[in-house]
Structures are given as C-alpha cells and as structure tokens.
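Here is the structure we will look at, set down as structure tokens.
The values are calculated or read from the model by the stated rules, or taken from the named source; none is laboratory data. Since the structure is predicted, the reported quantities are computational estimates derived from the model, not experimental observations. Cβ coordinates were reconstructed from backbone atoms using ideal geometry, including for glycine residues, and neighbour counts include every protein chain displayed. Heads up: the accessible areas ignore ligands, DNA and RNA and are worked out on the full protein's heavy atoms, side chains in. Shrake-Rupley method; radii C 1.70, N 1.55, O 1.52, S 1.80 Å.
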Amino acid sequence: MKRKWMAGIVGTALFALTACGQEEAGTSAGASDGEIAGTLSFYTSQPDADAQKLVEGFEKHYPEVEVETYRSGTEEVISKLNAEKMAGDVQADVLLVADSVTFEDLKEQDMLQAYESGELDSVPDEFEDADHYYTGTKIMATGIVANTESGDVPTSWSALEEADAKAQTVMPSPLYSGAAAYNLGVLTRQDAFGWEFYEKLKTQETAVVKGNGDVLKSVASGDKQYGVIVDYLAARAKADGSPVELVYPEEGVPVITEPIGITKDTDNTAAAEAFVDYVLSEEGQKLAAELGYTPIREGIDAPEGLKTYDDMKVLQADTEALYTSRNKDKQQFEDLFGK
C-alpha cells in the first residue's frame, strides 16, 4: 500500500466548490474527472520558499488536497526516486526538477505517465515532450554572477580563465545540481568549450559547492568575485540590494526549463493532473514571474533583469546524447574535481 489516504468523504457541495476553484484558477479541463482530494506527494528541486508558494497557490483552489513536499537538489531527488522504485514503492506523484534530460531518463525507464494538459495551448511546442510525459514550466539560463564591489563585470566565459579570476570563481556541483549537470553536458559538447573549459577552471582553483544557492552566498558576501549560476537567483539578489550583477556571456548560455511530470505509479491521478494544470495556468505562471522566474507560458513578461528565451543566445546539445552520457560525464567531473 503506497500510503494512507486522507480520511473523509467529500460531498456534492464540496466537490462543486472544488470545481469552481478549478475554473477560477484558469486551469485545464483536461484533468481527470476523478475526485480532486487526498494526499499528493510533490518532489522538487525548487528552493523551499518557492515550492511552498506554489503549493499554497494550488491548495487555495483545491483545499481537499494535502500536498506533501520533498525538496533537494535534482540529483538527490532522482536518487530517492530510484531507491523507491527498487523497493517497489514509489511515493512521488508529481516531479518538478531541473531539466528535460532528467525527464528523458525517467521516460526511458517507464517511470512517467503521459498527460496532455489543456494549458499546453499556451506553451511553445519546443518546451513540451512530444509524447506528453513532461512539460517545461519556466526558462532558466546559466550565466555568470559578479560581485560589483570586487572588480569589473565580465562579458565572456573566458573571464573565468584570466589571471585575476584565479581562486576567485565558484560553481555548483553537477553531482548535486541538475542545472549544473545539464550545463556540464552542454558545455563539454561545444567546440568553443569542451572538457578543456572545465580543466582550465580546475587549474584556476575554481571552488565547487553543492548548489546555486551556495554560489550566490559566496559571491554576494565577497568571498568570491565570480560565480556560475542560474539567472533568476542572481537577478533576484540584485533586486534585493545585493552587490551583484548577472551576466549572460556573449558566447551563449545553457538553458533548462524545469519540467513537470506525473509518475506512472501515482495513486492520485486526478490531483496530480490538477497540479500540473495549475503550474502551467496563467495564474501559476504569473506566480512564477512574481517569484522571479521567466515564465514558459506565452503572454507573460519576464521579471526585470532577466532575458526572454528569444533574447538569449542559447547553447544546445542533443538531448539523447546528454542523458545517455550523464553518468559518464559526472564521473569524469568527479575524477577532475573530486566529490
């Protein structure tokens, strides 16, 4: 038995209230016709505060759903999920983690169920899985954050290889961060970067920390001058008064879409589909923008300080090549930098 459901029988009046809430949320009519109640297990790599805001927004419309959130870095979230699969007891109903490469791997392992949300009409096709096993929820580029009190603000990735950047750069570990793992795969497959880029960072005594939040702390405090970081964290910190500047390097940036998907073995499909609908809805996407993310839904502006996807020079690599080689890439990184 996967878990005990919330006790209680939802009457006709309460169901009508739930349906009304769904309509107010502007969510899809594509969600299952089943009762939207019970417990929903939500696994995510979003920062705790952002995940909580998302859950609160959803629960306003679906008060009979109790969302239980597990939050960690993408790599640890997936390790937990795989451990549950091996034990024959997958707990997660909905996943929202860093990148499409992670979801491609889960899809290949037959761990997801398809769901074609009615909200997809407002999401560009390039950010949806063609078989509807997952959908991007926002646009997140990785660039450079610089401490504005410690020196000049760079314009190029090559600044991290300069003499004055020696021992002054920090980056997240691809062994913990899904965004960093994606960046590793993409950058090492670019002619202008390759593994030589990471080998130079090693020679430059670049510090490796657990996640992007740790990168920001290090640069904002002045402990390091430069950081490799997802854009929204740097823009948010600047807006809050930190002495930092976000740079989209001129060579281009890797971009992830933090997709959402439903696990194959969920025992609450109705709530899981309603949750996906809410995240992709106009209300859910406006909430994402308020939290400082670039929304993936058309018609909603990016927050101040962030570029839209169309304004970015995006570095890309073949998705299949990325997910089939991810473990090998991570091992090579570990061999170079250590754990």
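Would you mind stating whether T155 is part of a strand (DSSP E or B) and not acidic (D, E)?
Details: part of a strand (DSSP E or B): no; not acidic (D, E): yes.
No, not satisfied.
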Exercise. Of all residues in segment 92-109, count the ones that are of a type outside the set (D, E), more than 17 Å from R71 (Cβ to Cβ) and in a helix (DSSP H, G or I).
Key: 5
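Need a quick list: helices (runs of 4 or more DSSP H) entirely within segment 235-339 having at least 2 residues that are crowded, with 16+ Cβ neighbours inside 10 Å, among the aromatic types (F, W, Y) and under 19 Å from the mean Cα position of the chain (by Cα). Don't jump to the end; show me each part of the working.
On the way: elements: 269-280, 282-290, 319-324, 326-337.
Where helices (runs of 4 or more DSSP H) fall fully within segment 235-339 and carry at least 2 residues being crowded, with 16+ Cβ neighbours inside 10 Å, among the aromatic types (F, W, Y) and under 19 Å from the mean Cα position of the chain (by Cα), they are 269-280.
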Self-check item: Odd one out for E59, checked against (1) charged (D, E, K, R); (2) over 16 Å from T266 (Cα atoms); (3) touching a Phe, Trp or Tyr at 6+ places or on another chain (Cβ under 8 Å); (4) open to solvent by less than 60 Å² (accessible area, probe 1.4 Å)
Solution: (3)
Quiz item: How many residues are in contact with a Ser or Thr (Cβ under 7 Å, 6 or more places away or on another chain), in a helix (DSSP H, G or I) and over 12 Å from V228 (Cβ atoms) when one looks only at segment 189-216?
Solution: 2
Quiz item: Does any residue of segment 208-228 turn out to be over 30 Å from D335 (Cα atoms), crowded, with 24+ Cβ neighbours inside 10 Å, out of contact with any His (no Cβ under 8 Å at 6 or more places or on another chain) and of a type in the set (D, E, K, R)?
Solution: no
Self-check item: Cross-chain or 6+ apart pairs with Cβ under 6 Å, segment 293-313 first and at positive phi, then modelled with pLDDT of 90 or more and open to solvent by less than 50 Å² (accessible area, probe 1.4 Å)
Solution: G305/A235
Practice problem: Evaluate the following for S177: is it polar (S, T, N, Q), buried (at least 24 other Cβ atoms within 10 Å of the Cβ) and within 23 Å of the chain's Cα centre (by Cα)? | Solution: yes
Exercise. Report, by residue number, each residue of segment 121-144 that is outside any strand (DSSP E or B), crowded, with 20+ Cβ neighbours inside 10 Å and more than 14 Å from the chain's Cα centre (by Cα).
Key: V123, Y133
Quiz item: In segment 110-117, is there at least one residue being touching a helix residue (DSSP H, G or I) at 6+ places or on another chain (Cβ under 6 Å), part of a loop (DSSP other than H, G, I, E, B) and within 20 Å of V90 (Cβ to Cβ)?
Solution: yes
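Given the structure, is E68 touching a Leu at 6+ places or on another chain (Cβ under 8 Å), open to solvent by 20 Å² or more (accessible area, probe 1.4 Å) and under 19 Å from A272 (Cβ atoms)?
yes
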Quiz prompt | Sole residue being at pLDDT 95 or above and within 15 Å of the chain's Cα centre (by Cα), chosen from Q46, Q52, Q91 | solution = Q52
